[in-house]
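The values are calculated or read from the model by the stated rules, or taken from the named source; none is laboratory data. All values reported here derive from a predicted model rather than from experimental measurement. Positions of Cβ are backbone-derived with ideal geometry, glycine not excepted, and every protein chain shown enters the neighbour counts.
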Amino acid sequence: MSGAGAPKTAAVDCHDLRVAIVAASWHEQVMDGLLAGAQRACGDHRVEAPVVTRVPGTFELPVVASALAQQGYDAIVALGVVIRGGTPHFDYVCGAATDGLTRVALDHTVAVGFGVLTCDDEAQALDRAGLPGSQEDKGYEAAAAALATAQTIKRIKRRFD
């Protein structure tokens, strides 16, 4: 199971953070689960109204995350799913999304939660989507990681201001 070894962390108060969630549209059932998990994490961390933006697919996540970072969001949660097929398309989309989201985080010094599932089949994606019967809730985990990272960045900036 890929979730083995995940840290146990408590929700922290993030009511003062501007948070955006950008979610792909492909694989609707999986994406609905990921989005619900991310929104639940925001609620647990006292983020009352994260901005939710939908994009066509996982490939489009980085450019929209970059636009959101330019608008001053403290944390951006990127959610998507790519399921392996019979062509190299899987590798190109996964690499582009990973590299692009990393670039957004580094170029803008913004917390980016990486909630992109890269799965061999739909069953693996459903098992990680945070749906009833799923073993993992990667949408929740991505949002919680982004929020914790945003708080750390905020503390660092305050220390040196």
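Remarks
- The numbered conditions (1) more than 21 Å from Ala10 (Cβ to Cβ); (2) under 11 Å from the mean Cα position of the chain (by Cα) are all true for Ile83 except (2).
- Scope segment 7-26; condition more than 16 Å from the chain's Cα centre (by Cα) and within 28 Å of Val82 (Cβ to Cβ); matching residues: Pro7, Thr9
- Qualifying residue in segment 55-65 (condition: in contact with a Lys or Arg (Cβ under 9 Å, 6 or more places away or on another chain), modelled with pLDDT under 95 and surrounded by 13 or more Cβ atoms within 10 Å (Cβ to Cβ)): no
Every residue, every condition in (1) of a type outside the set (Lys, Arg); (2) within 13 Å of the chain's Cα centre (by Cα); (3) more than 14 Å from Pro62 (Cα to Cα); (4) at pLDDT 95 or above, yes or no:
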position: Asp91; (1), (2), (3), (4): yes, no, yes, no
position: Thr98; (1), (2), (3), (4): yes, yes, no, yes
position: Ala105; (1), (2), (3), (4): yes, yes, no, yes
position: Cys119; (1), (2), (3), (4): yes, no, yes, yes
position: Ala129; (1), (2), (3), (4): yes, yes, yes, yes
position: Gly139; (1), (2), (3), (4): yes, yes, yes, yes
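- Residues in segment 20-61 that are acidic (Asp, Glu) and closer than 26 Å to Asp121 by Cβ: Glu28, Asp32, Glu60.
- In segment 131-147, residue farthest from Val112 (Cα to Cα) [restricted to those that are crowded, with 20+ Cβ neighbours inside 10 Å and of a type in the set (Gly, Ala, Ser)]: Gly139
- Filter result for the condition that a residue is surrounded by 14 or more Cβ atoms within 10 Å (Cβ to Cβ), among the aliphatic types (A, V, I, L, M), over 26 Å from Cys94 (Cβ atoms) and touching a residue at least 40 places away in the same chain (Cβ under 8 Å), over Leu35, Leu17: Leu17
- Tally of residues being closer than 20 Å to Val22 by Cβ and crowded, with 16+ Cβ neighbours inside 10 Å across segment 104-130: 17
- Condition met for Val63 (in contact (Cβ under 8 Å) with a residue 12 or more places away in the chain, over 12 Å from Ala20 (Cβ atoms), in a helix (DSSP H, G or I) and in contact with a helix residue (DSSP H, G or I) (Cβ under 9 Å, 6 or more places away or on another chain)): yes
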